[in-house]
Amino acid sequence: YQNRYELQDIASRLTAGLVPGSPISRRDAEGGIAVVLDRMGDGHFLVRAEVNGALIPMMVDTGATSTVLTSGDARRAGFDPSALSYWLPVMTANGQALTARVTVDELSVGDIRRQGITVLVAEDGRLGQSLLGMNFLSSLAGFEVRGDRLTLYD
């Protein structure tokens, strides 16, 4: 029991090594949360976020104004993509796409949680990977990249 925090840290690091994108969360003495993500082999930061309780792999994208879900990931998060109204144009790496706005009950990255956040859903086939954008990142106390680690602070 006395070493529970150290053991939790070891377990988190093992999980992150075995399951790419697994966030490592830790709390400081004041209750602040830091979530660490390791850079993937392709140079991007991938995170296994939870959207409405569903695990969704997302690429961290500081160039994306909003968090954007693929059609399939939106379905896993409890939305019916066929019932959404796609009217909001956005620019993606694949060109312009239309998106729909939805509000998620909860979006979590490790121990960092946001409720009632607005995200976009891309039309089916228009986005290859869900994106964790600046509307989530700017809600944090801060974030930094050092070497191959991205740390999110809350």
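The values are calculated or read from the model by the stated rules, or taken from the named source; none is laboratory data. A quick note: this is a predicted structure, and the numbers were derived from the prediction, not measured. Positions of Cβ are generated from backbone atoms using ideal geometry, with glycine treated the same way; all protein chains shown enter the neighbour counts. Only protein heavy atoms, including side chains, enter the accessible area calculation; ligands, DNA and RNA are left aside. Shrake-Rupley method; radii C 1.70, N 1.55, O 1.52, S 1.80 Å.
Listed values, structure above:
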{"read-out": "Of all residues in region 109-127 being open to solvent by less than 50 Å² (accessible area, probe 1.4 Å) and in a loop (DSSP other than H, G, I, E, B), the one that is farthest from Leu37 (Cα to Cα)", "value": "Leu127"}
{"read-out": "Residue count, region 128-144 (criterion: in contact (Cβ under 8 Å) with a residue 40 or more places away in the chain and either within 19 Å of Val35 (Cα to Cα) or among the hydroxyl-bearing types (Ser, Thr, Tyr) (or both))", "value": "9"}
{"read-out": "Number of positions in region 6-22 that are of a type in the set (Ser, Thr, Tyr) and either open to solvent by 50 Å² or more (accessible area, probe 1.4 Å) or at pLDDT 55 or above (or both)", "value": "2"}
{"read-out": "Unmet criterion (only one of (1) within 23 Å of Leu37 (Cα to Cα); (2) modelled with pLDDT under 95) for Thr92", "value": "(1)"}
{"read-out": "Residue selected from region 73-103 under the condition assigned to a helix (DSSP H, G or I), without any contact (Cβ under 8 Å) to a residue 12 or more places away in the chain and of a type outside the set (A, V, I, L, M, F, W, C), by the criterion surrounded by the most Cβ atoms within 10 Å (Cβ to Cβ)", "value": "Arg75"}
{"read-out": "Any hit, region 128-148, residues being open to solvent by 10 Å² or more (accessible area, probe 1.4 Å) and aromatic (Phe, Trp, Tyr)", "value": "yes"}
